[in-house]
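The values are calculated or read from the model by the stated rules, or taken from the named source; none is laboratory data. This one's a predicted model, so the numbers in the text were calculated from it and none came from an experiment. Glycine also receives a Cβ, built like all others from the backbone with ideal geometry; neighbour counts cover every protein chain displayed.
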Amino acid sequence: MDFSYTIYIALIPFLVFVINGLFGSKIKESFTGYLGVAGMVVTTYLSYFTAYHYFFKVGKGLDGAFQKIVGFNMEWLRFTDSLHIDIGVLLDPISVMMLVVISTISLMVHIYSLGYMKGDQGYSRFFAFLSLFTFSMLGLVVATNIFQMYMFWELVGLSSYLLIAHYYQKPSAVAASKKAFIVTRFADLGFLIGILILSYLTGTFDFNILCNPKGPAFMQSTSAVFLGLSTMGWALILIFMGGAGKSAMFPFHIWLPDAMEGPTPVSALIHAATMVVAGVFLVARLFPIFAIVAPNALEVVAIIGGFSSIFAAVIACTQTDIKRILAFSTMSQIGYMMLALGVSGYGAEAGLGFMASMFHLFTHAMFKALLFLGAGAIIHAIHTNNLSEMGGLRKYMPITHITFLIACLAISGIPPFAGFFSKDEILVAAYNHHQIYFWV
């Protein structure tokens, strides 16, 4: 089947951004919102259409694994015969899953924002930047090479800065957006240096070559050693530094709680399905290299993930602002996913942690988006974020009560909700790797 149409999954939100950005002030305000929703409906349909055909129509390879398909590819810059930067769409199980997650959550946030942002002074601007953010994340997850991923990675950082600073009249919102931008830029410096070292050692940016067990990356396990770790190992740790910044892992977590200054739909999009899981996706994309070439780097991922998970969960218990509680909860859950990746290994038998991490990424995106949107409905109704001023709302907001309860049961790991099964698999993977991670 020809998957060249998949380029439009990312291009449609970009087109909506251009129209709303250039002409939003000249057209009817409500039209910009409906245009954003219409664009996301088409994008979501194409994402589900792609997922259905990829998982059920495209056959598996001889090794029993799903094939990697390049749906679209265009050369952009060429340095040498092997080292070049392309712009393309790579389809494999994790990228197709992420297309579904991002488009679904983004569509829900767009629809929710029609009512939530009604009458807001920056209504058109909000929907323009929301579309830009969606375009950036979609481009990131389907990247065919690590440099394309880095370009969209930076675009995600820029668009999140613009969304967090939506209420730019408030000094606290401006300060929060600056903090998020500066902290993630510092972490991204490590990501860029890691990419340059990786490309120097392997002579390529392409994911298919980098993650091929017979490729040049796997010949570098015996490269020059510095402080007990190979050069490739240090490159991967620097790349993980970028992922830790975007996913608000310790010590780069300081931007996340303050990002609550943005509108609640922004919090749902940034903290549920998109920006914060970009770091998990980055490690998952390069996982074969981590697992085979530099398992010590994977231990670093597990340690930082496990510590961040406990650290954030403890802080969340001391908060009174409902959005800050959910922010620290997100940090804890992302740490949980990182821990699952860190205790995993290469191959079907050792890869339980990898599969559990991707499963939890999917389930967490859904119930955390539901929690944030429910919190937004409560804040919109009673005009406060303070938990001490909330209570007895079931009588007045029965639908929100039911949806919030379902999401709370899922995030708590109560059967038969999906959170129980994903967390259970992570615990099994941690126990199989080392019991200390299981008890943590």
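Restricting the first member to the range 151-162 and to residues that are among the charged types (D, E, K, R), and the second to residues that are modelled with pLDDT of 90 or more, the beta-carbon pairs closer than 8 Å and six or more apart or on different chains are 154/188. Counting residues in the range 20-42 that are among the polar types (S, T, N, Q), under 23 Å from the mean Cα position of the chain (by Cα) and surrounded by 14 or more Cβ atoms within 10 Å (Cβ to Cβ) gives zero.
So in the range 61-80, with the set limited to residues that are of a type in the set (D, E, K, R) and under 21 Å from residue 141 (Cα atoms), which one is surrounded by the most Cβ atoms within 10 Å (Cβ to Cβ)? Even if it seems obvious, please write down each step before you answer.
Kept after step one, since they are of a type in the set (D, E, K, R), are these residues of the range 61-80: 63, 68, 75, 78.
The next check asks that each one be under 21 Å from residue 141 (Cα atoms); those that pass are 68, 75.
Details: 68: 16, 75: 10.
Only one residue fits best here, namely 68.
Kindly evaluate residue 377 against the criterion of being part of a helix (DSSP H, G or I), among the hydrophobic types (A, V, I, L, M, F, W, C) and within 17 Å of residue 239 (Cβ to Cβ). Even if it seems obvious, please write down each step before you answer.
Values: part of a helix (DSSP H, G or I): yes; among the hydrophobic types (A, V, I, L, M, F, W, C): yes; within 17 Å of residue 239 (Cβ to Cβ): no.
Taking the combined requirement at face value, the residue does not satisfy it.
Has the range 185-197 got at least one residue that is out of contact with any Asp or Glu (no Cβ under 8 Å at 6 or more places or on another chain) and farther than 23 Å from residue 289 by Cα? Yes, the conditions are met somewhere in the range 185-197. All conditions but one from (1) modelled with pLDDT of 95 or more; (2) of a type outside the set (Phe, Trp, Tyr); (3) over 20 Å from residue 108 (Cα atoms) apply to residue 44; the one that does not is (3). Looking at the range 84-91, can you tell me whether even one residue there is surrounded by fewer than 17 Cβ atoms within 10 Å (Cβ to Cβ) and modelled with pLDDT under 90? Yes, there is a match, as at least one residue in the range 84-91 is surrounded by fewer than 17 Cβ atoms within 10 Å (Cβ to Cβ) and modelled with pLDDT under 90.
Candidates 330, 320: the one that is of a type outside the set (Phe, Trp, Tyr), under 20 Å from residue 414 (Cα atoms), touching a helix residue (DSSP H, G or I) at 6+ places or on another chain (Cβ under 9 Å) and touching a residue at least 40 places away in the same chain (Cβ under 8 Å) is 330. For a quick check of your reading of the model, give me the residue pairs whose first member lies in the range 395-419 and is farther than 17 Å from residue 333 by Cβ and assigned to a helix (DSSP H, G or I), whose second is modelled with pLDDT under 85 and of a type outside the set (Asp, Glu), with beta-carbon atoms closer than 7 Å and at least 6 apart or on different chains. Filtered contacts from the range 395-419: 401/393; 401/394. With the structure loaded, tell me whether residue 267 is crowded, with 24+ Cβ neighbours inside 10 Å and of a type in the set (S, T, N, Q) or whether it fails that test. Yes.
Listed residues 160, 199; which is under 23 Å from residue 251 (Cβ atoms) and among the hydroxyl-bearing types (Ser, Thr, Tyr)?
On the way: 199 fails: under 23 Å from residue 251 (Cβ atoms).
Only one candidate qualifies: 160.
Residue 11 meets the conditions (1) under 25 Å from residue 282 (Cα atoms); (2) hydrophobic (A, V, I, L, M, F, W, C); (3) crowded, with 17+ Cβ neighbours inside 10 Å in every case but one. The failed one is (3).
Can you name every one of the helices (runs of 4 or more DSSP H) wholly within the range 250-331 that holds 2 or more residues which are more than 29 Å from residue 204 (Cα to Cα) and aliphatic (A, V, I, L, M)?
Details: elements: 255-258, 264-268, 278-285, 287-292, 295-316.
Because the criterion is at least 2 residues that are more than 29 Å from residue 204 (Cα to Cα) and aliphatic (A, V, I, L, M), the helices (runs of 4 or more DSSP H) in the range 250-331 that meet it are 264-268, 295-316.
When you scan the range 230-256, how many residues do you find that are β-branched (Val, Ile, Thr) and either touching a His at 6+ places or on another chain (Cβ under 8 Å) or closer than 16 Å to residue 309 by Cα (or both)? Talk me through it step by step, then tell me what you get.
Just the residues of the range 230-256 that are β-branched (Val, Ile, Thr), to begin with: 231, 237, 239, 254.
Applying the additional criterion that residues be either touching a His at 6+ places or on another chain (Cβ under 8 Å) or closer than 16 Å to residue 309 by Cα (or both) yields 254.
Residues flagged as β-branched (Val, Ile, Thr) and either touching a His at 6+ places or on another chain (Cβ under 8 Å) or closer than 16 Å to residue 309 by Cα (or both) within the range 230-256 amount to 1.
Just one of the listed residues (83, 90) is within 24 Å of the chain's Cα centre (by Cα) and at negative phi, namely 90.
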